[in-house]
1. Scan the stretch 760-791 residue by residue and report those that are part of a loop (DSSP other than H, G, I, E, B) and either closer than 18 Å to residue 691 by Cβ or out of contact with any strand residue (DSSP E or B) (no Cβ under 9 Å at 6 or more places or on another chain) (or both).
2. Regarding residue 123, is this residue over 30 Å from residue 365 (Cα atoms) and within 39 Å of the chain's Cα centre (by Cα)?
3. Determine which single condition residue 496 fails, assuming it passes every other condition in (1) closer than 25 Å to residue 454 by Cβ; (2) modelled with pLDDT of 95 or more; (3) not hydrophobic (A, V, I, L, M, F, W, C).
4. Within the set of pairs 6 or more residues apart or between chains, which connect a residue that is farther than 13 Å from residue 804 by Cα and at pLDDT 95 or above inside the stretch 532-555 to a residue that is open to solvent by 10 Å² or more (accessible area, probe 1.4 Å) and small (Gly, Ala, Ser) with Cβ atoms less than 6 Å apart?
5. Tell me which residues, restricted to the stretch 257-279, are under 24 Å from residue 346 (Cα atoms) and either of a type outside the set (D, E, K, R) or in contact with a helix residue (DSSP H, G or I) (Cβ under 7 Å, 6 or more places away or on another chain) (or both).
6. Scan the helices (runs of 4 or more DSSP H) fully inside the stretch 262-361 and keep the ones with 2 or more residues being within 18 Å of residue 374 (Cβ to Cβ).
7. Given the criteria over 25 Å from residue 95 (Cα atoms) and loosely packed, with under 15 Cβ neighbours inside 10 Å, does residue 417 qualify?
8. Out of all the residues in the stretch 39-46, is one or more open to solvent by 30 Å² or more (accessible area, probe 1.4 Å), hydroxyl-bearing (Ser, Thr, Tyr), farther than 30 Å from residue 394 by Cβ and out of contact with any helix residue (DSSP H, G or I) (no Cβ under 7 Å at 6 or more places or on another chain)?
Amino acid sequence: MASPQQQLDHSALPPAIKSAAALRDARSARAIHAAALRRGLLHRPSPAVANALLTAYARCGQLAAALEVFGSISDSAHDAVSFNSLISALCLFRRWDHALAALRAMLAGGHPLTSFTLVSVLRAVSHLPAAAAAAVRLGREAHAFALKNGLLHGHQRFAFNALLSMYARLGLVADAQRLFAGATPGRGDVVTWNTMVSVLVQSGMFDEAVQTLYDMVALGVRPDGVTFASALPACSRLELLDIGREMHAYVIKDDELAANSFVASALVDMYATHEQVGKARQVFDMVPDSGKQLGMWNAMICGYAQAGMDEEALRLFARMEAEAGFVPCETTMASVLPACARSEAFAGKEAVHGYVVKRGMAGNRFVQNALMDMYARLGKTDVARRIFAMVDLPDVVSWNTLITGCVVQGHVADAFQLAREMQQLEEGGVVPNAITLMTLLPVCAILAAPARGKEIHGYSVRHALDTDVAVGSALVDMYAKCGCLALSRAVFDRLPRRNTITWNVLIMAYGMHGLGGEATVLFDRMTASGEARPNEVTFMAALAACSHSGMVDRGLQLFHAMERDHGVEPTPDIHACVVDILGRAGRLDEAYAMVTSMEAGEQQVSAWSTMLGACRLHRNVHLGEIAGERLLELEPEEASHYVLLCNIYSAAGQWTRAAEVRSRMRRRGVAKEPGCSWIEVDGAIHRFMAGESAHPASAEVHAHMEALWGEMVARGYTPDTSCVLHDMDDGDKAAVLRCHSEKLAIAFGLLRAAPGATIRVAKNLRVCNDCHEAAKFMSKMVGREIVLRDVRRFHHFRNGQCSCGDYW
């Protein structure tokens, strides 16, 4: 009998190497490599063994070893398979330029190109920067080469499908659509139909993707699992839950589709995206555990995590490992890590990092991104930055994760600096995308920094991102919260498509600016257009608009119609909005009745808080005491409740009771949030606290404020000393009022802003009555518009008048 060494020959090794590659078993691949070297079989009689090893090392994540194998083959021994394996390996590691360089070497060596080569080359070209003319030229050259050499014909449609994907990734979706339409795919060519659906979804053309699916069915092409797994995400992004349900119904009627784990995973994701996590769980539970693939577990865990149901996500993760026996993959951990970071019940947050390392996932970009997010949420941005530095070729998600981390921790300057660094890498294919802009625009809104917001808007226009519904909604919100309502409406009107969020943002904007009539007209237009359905937030925005404008009857009409006409159930927050409408109008007994009609408990907090604010406004001590005591029982650590109750007593001259409230507050260790105002001048944010002395221009600001104060008094201004909660003489109270943060920010703006420019100031708390009156005087004295945004609404001061009409 022949020995094992005699039996092992050149033809036996490649199948063994392919098995090692399929198992991602680098150790076995190295052992076979060593055996081939000992027996002289690596390069003789052909490079078949070396080619197989090259592919195996690449699939095992060892690019350096793969390149070393290719380098060990002599130039004369390289064949087309060697180059195809090399190009494929380089694409696997996203070395797109190197892959194209290998293609040039292959052509220079006279090796024939096959459809296999073309698929890899098209993938490399598709990942070049879409804006680069070279990428488009190379893509068209590859297309021409494929046509010339007949690589797009026959039963194998891989190259054709790769060409569709390439055009889409380069932003030439119209070319992909023309290519698809000209190919007239037949009834049996489901793969090409699936590719086109996938291309359209990945290009954000969700309407077209759904229509392509309808066309496919109309022509008698039977959709398979891949079709629905590709098309269902379009329903998620389009908020087309009804169409998603249609697809679900189609799937249920087909036993094969109903049993498809990938389709079930897409359905779980679709329902979870529509915040119907219960329905997603029903789909998940209908599939027996034996039929659940890892992707389905991942989809459900991700659904819980995205819904903020972190404990449920972690419990399902534990069950997946312990009961189902699945080993978590990188996608699993990318959902589990954020849940770990947010969950207060889960103590071992950083220990999960060790778990990831033990599982060999620490080098995966998705896991690294999730780890960055976790550490940023924990306030350890230095650790997040170290992980970022370890990422091999950070992609846009890596950058966005770090930028988001900086925003979450309040490191705004760092976030904008990272965005600038990201733009400088544009030539490398990493460019700020819609998510980047949606992360930064709310920061501009919070800071009331329209100059920075306009820069981002300009970038979005230049990169064709301004028509994206999510970016457009963020722009509408940013301009509105920066006090630029006309620009906000202009962006809204130019959007090709608007969703519920877009409508909600503008309705809320009109309300915050005191334009309740315009807000309700927009609400009526939204419901009549059918473009988007009103939800709870829509009604909260419309009711708040009615409250700010004193539109009591219209507000009550909306409240009574919301469930009857629109199927939206009133929530505790909706009831609080109605309490606000009644309370601001002085109808305190009706407001009190509304609060007491609610189920007692924590859900009353918002309504009682609104009631307390109304009592402060109308100086109703009796009801204010009732509301205050309820709130101090429900939320004894919330400083604003003590402050409002103290305000009520102080305004009524009940200084002893006001002092008792402050004493009670001190005993509990509750601290009042200090008033802070800020203003953007020449692209920089300047913050002022009450009695500010830390700002570099503090002395100059105080001197200018004193001069303004003297002129206001000469023109008839009388300080409203009831805004000072301490019992002191009126002269001392006036000195306190003169140093309120919003007054100092306005004074700084008048000193430093360009002549005639609108002064835009934002404050973290409600503006006091005295500052409101002072701003009216200053706007008339200096002939400038002053826009003051507080925590509740906007005040536009022009020529001594405020847009709120003193109803606030």
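The values are calculated or read from the model by the stated rules, or taken from the named source; none is laboratory data. All values derive from a computational prediction rather than experimental measurement. Backbone-built Cβ (ideal geometry, glycine too); neighbour counts: all protein chains shown. We work out accessible area using only protein heavy atoms, side chains counted, and drop any ligands, DNA or RNA first. Shrake-Rupley method; radii C 1.70, N 1.55, O 1.52, S 1.80 Å.
1. Initially, the stretch 760-791 is screened for residues part of a loop (DSSP other than H, G, I, E, B), giving 764-768, 783-785, 790-791.
Within the stretch 760-791, 764, 765, 766, 767, 768, 783 qualify.
2. no
3. Of the numbered conditions (1) closer than 25 Å to residue 454 by Cβ; (2) modelled with pLDDT of 95 or more; (3) not hydrophobic (A, V, I, L, M, F, W, C), the odd one out for residue 496 is (2).
4. These pairs meet every condition: 552/585.
5. 272, 277, 278
6. Passing ranges, in order: 294-306, 310-322, 330-342, 351-358.
7. For residue 417, the condition - over 25 Å from residue 95 (Cα atoms) and loosely packed, with under 15 Cβ neighbours inside 10 Å - is met.
8. yes
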